[in-house]
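The values are calculated or read from the model by the stated rules, or taken from the named source; none is laboratory data. The structure presented is a predicted model; accordingly, all values stated were derived computationally and were not measured. Positions of Cβ are generated from backbone atoms using ideal geometry, with glycine treated the same way; all protein chains shown enter the neighbour counts. In case anyone asks, the SASA skips ligands and DNA or RNA and just uses the protein heavy atoms, side chains included. Shrake-Rupley method; radii C 1.70, N 1.55, O 1.52, S 1.80 Å.
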Amino acid sequence: MTTQTHHTQVAIIGAGPSGLLLGHLLDQAGISNIIVERADRDYVLARIRAGILEQGFVDLVKQAGVHHRMEKEGKVHHGFDIALYGQRTRIDLTRLTDGQSVMCYGQTEITRDMTEAREQKGLPTFYTCHDVALSDVQASPVVTFEQNGQQHRITCDYVAGCDGFHGVSRRTIPEHKRTEHERVYPFGWLGLLSDTPPVADELIYCKTHRGFALASMRSDTRSRYYLQVPVTDDVKNWSDDAFWDELKKRLPEDLAQQLVTGPSIEKSIAPLRSFVCEPMQYGKLFLVGDAAHIVPPTGAKGLNLAASDVSTLYQLLDRHYNRQDKDAPYRYSEIALRRVWHAERFSWWMSNMLHDFDQTQVNGMEKLTFDRFMQSELDFYLSHEEGQKVIARQYVGLPYEAID
Ligand code: RFL
Ligand code: PHB
């Protein structure tokens, strides 16, 4: 069988939000790129994931020129609630951060927008690729794969590994050249999507004696709710009725009475994990987004962190190709990791504070002691403006590092 050969400046592995956003930004800067994706197009477009975008992400989407539907349909959120055993405190993001906010617009929608825009521009994307492999990434990178019985080979200057936690890019870095930091939590999030009006205008994070719950949304007519469940639980154990019954028990009472229920469109359990791979780079291979790090979703940071990696990498590649700064890309890991660790810490902190740790021992402490510490810490932060500011500043997202 003959092999089809291609050449591009940057080969991008993965057509999720990281890969697509990077592809658009590079194209705007005149840098050629090809995306190689393992799944089929419809599967990629059907995935239900994040819902909250930081301003930095929104700005990047505008810079990439794919913002038109997001601006029309996305909803700016100026605050959210934390309900601590039924007692609600509003975190007024806009007041506490001198004017900032977040955007409620689904990852599913932004992925669709970026996919369609890429097709309209005629930028190359290979879907349903098998046996994707990277070689010679320290000198002259090559990406090989098979698609519909045809072998392909891409030669390129750089490879952006945007292929998520289970992708091939991170595993291409020899084990002795990377350090992986990981914490797996003893619970997961059972998510339910339904065409019902959201129970409130803003998000509500609920800590209760029955475990954590989150009331979120995708639009005025589509809700997204989550329940903390044991990591060993199975979605088959949860009928829609069982989900709604449990949610009502975890929402503040006045809201539980107003909750509109209906059939689920999607229901799944996501495990919670904190993970960082250091460094995020090996020669001419860069790890971007979930390929390099995972945060538990409690701080709404996963997708946003992926976007800040994209911003850093894009700027460094732009300097390399358009400003003759040949060494710029080698700064990627050091710059990206600084923001990664901030988001990891915030997401870990929010997760510790809001979940119920169903164990006799947590971090070497009796569960009861641990819960009391966490409750007291959350109480402390919520009870005064300075504490709320600490939460708000991190929730809207720390500024992207300026690259000089
Ligand atoms: P993705 O989205 O996993 O995309 C990776 C792509 O790579 C493909 N792939 C391969 N392609 C080629 N060869 C291979 N060998 C490959 N292996 C994999 C995959 O098919 C896929 O298309 O990673 P990316 O682009 O870095 O994006 C990361 C985000 O998806 C993720 O961080 C967020 O969804 C996390 N997240 C949230 N983030 C937020 O910022 N705000 C939120 O509100 C939020 N909520 C969430 C979340 C994640 C959740 N789950 C399901 C884990 C809520 C949930 C429930
Ligand atoms: C979501 O709507 O999916 C969502 C919102 C906020 C989070 C996590 C998930 O912290």
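Among (1) over 27 Å from the mean Cα position of the chain (by Cα); (2) surrounded by 12 or more Cβ atoms within 10 Å (Cβ to Cβ); (3) among the small types (Gly, Ala, Ser), there is one condition Gly164 misses while meeting the rest; what is its number?
The failed condition is (1).
Enumerate the pairs (first residue in the range 184-207 and closer than 21 Å to Gln257 by Cβ; second residue anywhere and of a type in the set (A, V, I, L, M, F, W, C) and open to solvent by 30 Å² or more (accessible area, probe 1.4 Å)) with beta-carbon separation below 8 Å, excluding pairs fewer than 6 apart on the same chain, so at least 6 apart or on different chains.
Sorted first by the residue in the range 184-207, then by its partner, the pairs are Ser194/Ile265; Asp195/Ile265; Thr196/Val260; Pro197/Val260; Val199/Val260.
Give me the residue from the range 167-184 that is touching a Leu at 6+ places or on another chain (Cβ under 9 Å) and in a helix (DSSP H, G or I) and, out of that set, least open to solvent (accessible area, probe 1.4 Å).
By that ranking, first place goes to Ser169.
List pairs: first in the range 287-304 and assigned to a strand (DSSP E or B), second open to solvent by 10 Å² or more (accessible area, probe 1.4 Å) and more than 16 Å from ligand 2 (Cβ to nearest atom), Cβ under 8 Å, 6+ apart or cross-chain?
Leu287/Arg170; Leu287/Gln281; Ile294/Phe165
Any chance you could count how many residues in the range 35-69 are more than 11 Å from ligand 1 (Cβ to nearest atom) and more than 17 Å from the chain's Cα centre (by Cα)?
So the count comes out to 9.
For the range 192-205: of the residues being in a loop (DSSP other than H, G, I, E, B) and touching a Gly at 6+ places or on another chain (Cβ under 9 Å), which is most open to solvent (accessible area, probe 1.4 Å)?
Asp195
Can you tell me how many residues within the range 79-88 are touching an Asp or Glu at 6+ places or on another chain (Cβ under 8 Å) and surrounded by fewer than 17 Cβ atoms within 10 Å (Cβ to Cβ)?
2
Given the residues Leu123, Leu134, Leu60, which is the only one that is open to solvent by less than 40 Å² (accessible area, probe 1.4 Å) and assigned to a loop (DSSP other than H, G, I, E, B)?
When all the criteria are applied, what remains is Leu123.
Listed here are the residues, each with its yes/no results for (1) open to solvent by less than 10 Å² (accessible area, probe 1.4 Å); (2) under 13 Å from Pro297 (Cβ atoms); (3) within 14 Å of ligand 2 (Cβ to nearest atom); (4) in contact with a strand residue (DSSP E or B) (Cβ under 6 Å, 6 or more places away or on another chain).
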position: Pro186; (1), (2), (3), (4): no, no, no, no
position: Leu190; (1), (2), (3), (4): yes, yes, yes, yes
position: Ala215; (1), (2), (3), (4): yes, no, yes, yes
position: Val231; (1), (2), (3), (4): no, no, no, yes
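Can you go through Asp233, Asp254 and tell me which one is part of a helix (DSSP H, G or I) and either more than 26 Å from Gly74 (Cβ to Cβ) or under 19 Å from the mean Cα position of the chain (by Cα) (or both)? Talk me through it step by step, then tell me what you get.
On the way: Asp233 fails: part of a helix (DSSP H, G or I).
Every option except Asp254 fails the conditions.
Give the residues of the range 99-120 that are of a type in the set (A, V, I, L, M, F, W, C) and either within 18 Å of the chain's Cα centre (by Cα) or open to solvent by 60 Å² or more (accessible area, probe 1.4 Å) (or both), sorted by residue number.
Matches in the range 99-120: Val102, Met103, Cys104, Ile110, Met114.
Under 7 Å between Cβ atoms, at least 6 apart or on separate chains: pull out the pairs that start in the range 384-399 with a residue that is basic (Lys, Arg) and end on any residue that is modelled with pLDDT of 95 or more.
The qualifying pairs are Lys389/Leu96; Arg393/Thr97.
Against the definition (open to solvent by 10 Å² or more (accessible area, probe 1.4 Å) and more than 19 Å from the chain's Cα centre (by Cα)), how does Arg338 come out, yes or no?
no
Being open to solvent by 10 Å² or more (accessible area, probe 1.4 Å), within 20 Å of Pro297 (Cβ to Cβ) and modelled with pLDDT of 95 or more is the filter here; which residues of the range 17-51 pass it?
Of everything in the range 17-51, those that are open to solvent by 10 Å² or more (accessible area, probe 1.4 Å), within 20 Å of Pro297 (Cβ to Cβ) and modelled with pLDDT of 95 or more turn out to be Pro17, Ser18.
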